[in-house]
1. Place a point 7 Å from Cα of Q57 in the direction of its Cβ. Which residues in region 68-111 have their backbone N less than 18 Å from it?
2. Rg (Å, one decimal) plus Dmax (Å, integer) for the alpha carbons of region 45-117?
3. What is the packing order of peptides 80-92, 16-28, taking the mean over residues of other C-beta atoms within 10 Å and listing the highest first?
4. Tell me the relative contact order for the chain as a rounded percent, counting alpha carbon contacts under 8 Å between residues six or more apart.
5. Calculate the spin-label point distance for D69 paired with F114, positioning each point 7 Å from the Cα along the beta-carbon direction, and give it in nanometres.
Amino acid sequence: MTDHSDSVASSPAPGLPELQRRLASFAAARHWQPYHTPKNLASALSVEAAELLEIFQWLTPEESARVMDVPDTAHRVTDEVADVLAYLLQLCEVLGVDPLAALAAKIERNEHRFPAP
Ligand SMILES: [Mg+2]
């Protein structure tokens, strides 16, 4: 397993509520809330997911599995993951969706829908 510890912050990552609060404060301080409609946030989420995909677009499966071994590429992947999560968390905030509860419910549904053989 590859050690990616140098590509993340050394201090413990804050929880989702703290991150959502900081994202909301960042947007509010710049008067960006009018632009943060559900439609705009869903669009931005899709664009950022495409930017993440672009990094992998022409890689072989083997190259894609080693993408975090190249520091510049690892940084790009980490940066796009942050962008995707930022817009997903902001979308959840404006829609009143608890992302962790939604994921837990989805996993539970899938466990029943696709039982292990
Ligand atoms: Mg981006």
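Please treat every number below as a calculation from the coordinates, not as lab data. Bear in mind that the values here come from a model prediction, so they are computed numbers and not experimental data. All Cβ positions, glycine included, derive from the backbone under ideal geometry; neighbour counts span all protein chains shown.
1. Zone members listed by number: 73-74, 76-81, 84.
2. Looking at region 45-117, its Cα Rg and Dmax stand at 15.8, 41 Å.
3. 80-92, 16-28
4. It rounds to 35 percent for the chain.
5. Result for the modelled spin labels: 2.8 nm.
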